[in-house]
Each structure stands twice: as C-alpha cells, then as structure tokens.
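Written out below as structure tokens is the structure these notes cover.
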Amino acid sequence: DILKYGIIPELVGRLPVITPLHSLGREDLVRILTEPKNAIVKQYQTMLGFDNVDLEFTQDALEAVADKAIEMNIGARGLRSIMESIMTDIMYSVPSDETIEKIVINAACVNGTEKPDIIHRDSLQSPAI
C-alpha cells in the first residue's frame, strides 16, 4: 500500500512496523508534568528552592495546564512553553524579594485571570548583636 501511494522503496524499508498513536489525555499530561525524575514541575520547584522559596501547583492548576495543551493541540511538547508563560514573571521577581516564602499556582493563574498567591515571611530574622 505504501509503495502504491508513492513512497520510494528505500524509505519503505525503514518502516518495518506501522503503529497508530493515540493522543494523550488530561491525566497523561498531568503525569508528564509531575511524575518523571526530571518533570517540569520538579525543575521549577528546584530552581525556586535555591532562593528558599517553596513552589506549589494545585491539582486544578496542573489540570488547567493539561487542558491548555489539549485545546492548543500541542501535546506534551507544548507543556514546557505553557509552564514558561506562567513562570516567567515569578522567576524574575523571586530572587529580588527575600521575603517570599511560598508561591501557590492555581487554575486561575494558568488561565491568566489571577496572579499567583505569594506568601511572605513575617519578617526577616535580623542577626543578634
């Protein structure tokens, strides 16, 4: 069938098996965001951890990221660009503000209707004299 379609024989020899692929669902994309050793969410948590800031993504935020990828029809490769659009401002503001203790990202942040919840430390500990 492939030869009749017009594919050259040299290429057909490189395609010994044809496998149909199914698109990834919401649960699959959320797992890709969180479960692997080098998951995108873990990377951002580690980067902010260098500044002693905890980063938390709510479950609805992760699902909203997955929904955006599905809506844009970009699959798992697009997860990084969606996460970068969410995290860019945060990554620039955290190092300059030592009072930030924790950042919580929810679905409204992913959709662009709200800013992330930023929890500040009560006060910086001044060194004892």
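The values are calculated or read from the model by the stated rules, or taken from the named source; none is laboratory data. Keep in mind that what you see is a predicted model, and the values were worked out from it rather than measured. Cβ sites come from the backbone with ideal geometry, for glycine too, and all protein chains shown count toward neighbours. Keep in mind that these areas ignore ligands, DNA and RNA; they rest on the heavy atoms of the full protein, side chains included. Shrake-Rupley method; radii C 1.70, N 1.55, O 1.52, S 1.80 Å.
Of all residues in segment 83-94, which are touching a strand residue (DSSP E or B) at 6+ places or on another chain (Cβ under 7 Å) and open to solvent by 60 Å² or more (accessible area, probe 1.4 Å)?
Result: no residue meets the conditions.
Enumerate the pairs (first residue in segment 18-39 and more than 11 Å from L79 (Cβ to Cβ); second residue anywhere and open to solvent by less than 100 Å² (accessible area, probe 1.4 Å) and assigned to a loop (DSSP other than H, G, I, E, B)) with beta-carbon separation below 8 Å, excluding pairs fewer than 6 apart on the same chain, so at least 6 apart or on different chains.
S23/G75
Look at segment 55-82 and say how many of its residues are polar (S, T, N, Q), within 17 Å of V104 (Cα to Cα) and open to solvent by 40 Å² or more (accessible area, probe 1.4 Å).
1
So that you can scan it fast, the table gives a plain yes or no per residue for (1) among the hydrophobic types (A, V, I, L, M, F, W, C); (2) within 29 Å of N52 (Cβ to Cβ); (3) part of a helix (DSSP H, G or I); (4) under 10 Å from the mean Cα position of the chain (by Cα):
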| residue | (1), (2), (3), (4) |
| --- | --- |
| D67 | no, no, yes, no |
| I70 | yes, no, yes, no |
| M83 | yes, yes, yes, yes |
| T88 | no, yes, yes, no |
| M91 | yes, yes, yes, no |
| S96 | no, yes, no, no |
| K102 | no, yes, no, no |
| A108 | yes, yes, yes, no |
| K115 | no, yes, no, no |
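Answer yes or no: is there a residue in segment 38-54 that is at pLDDT below 95, open to solvent by 60 Å² or more (accessible area, probe 1.4 Å), within 12 Å of the chain's Cα centre (by Cα) and more than 17 Å from I119 (Cα to Cα).
Yes, there is a match, as at least one residue in segment 38-54 is at pLDDT below 95, open to solvent by 60 Å² or more (accessible area, probe 1.4 Å), within 12 Å of the chain's Cα centre (by Cα) and more than 17 Å from I119 (Cα to Cα).
Count, please, the residues in segment 12-25 that happen to be at pLDDT below 75 and open to solvent by less than 90 Å² (accessible area, probe 1.4 Å).
Selection size over segment 12-25: 3.
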